[in-house]
Amino acid sequence: ASKKGSGLTTTCAPTIWIDGFIADIDYLNELTKDEIGLIEVYTSAAGAPMQYAGTRTNCGVVLVWRKRFLNP
């Protein structure tokens, strides 16, 4: 919850990508630590790789790569 007048909100969620595909937090939560090979966090679209930046990145971008995707 956010305080009125504070200018801060907790409703902004980053765009999540898993192995190059858009995903949601529920799918991300299903992954185990042993499946995850790499996590990249970008706080703005300006810092994210171009193919993951776009209109949905106002709250940043999280890129998750599973080990089997990195090392097939």
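What follows is calculated from the coordinates using simple rules that are stated; it is not laboratory data. Quick caveat: nothing in here was measured; it's all calculated off a predicted structure. Positions of Cβ are backbone-derived with ideal geometry, glycine not excepted, and every protein chain shown enters the neighbour counts.
Points worth noting:
- Trypsin sites (Lys or Arg not before Pro) within segment 30-69, DSSP loop, no more than 16 other Cβ atoms inside 10 Å: Lys33, Arg56
- Each peptide among 41-49, 20-28 gets the average number of other Cβ atoms lying within 10 Å of its residues, and from highest to lowest they stand as 41-49, 20-28.
- The modelled label-to-label distance for the pair Leu31/Asn58, using points 7 Å beyond Cα in the direction of Cβ, is 2.5 nm.
- The H on the amide N of Gly37, modeled in the peptide plane, is under 5 Å from the matching H of Trp65, Arg66, Lys67, each at least 5 residues off or on a different chain.
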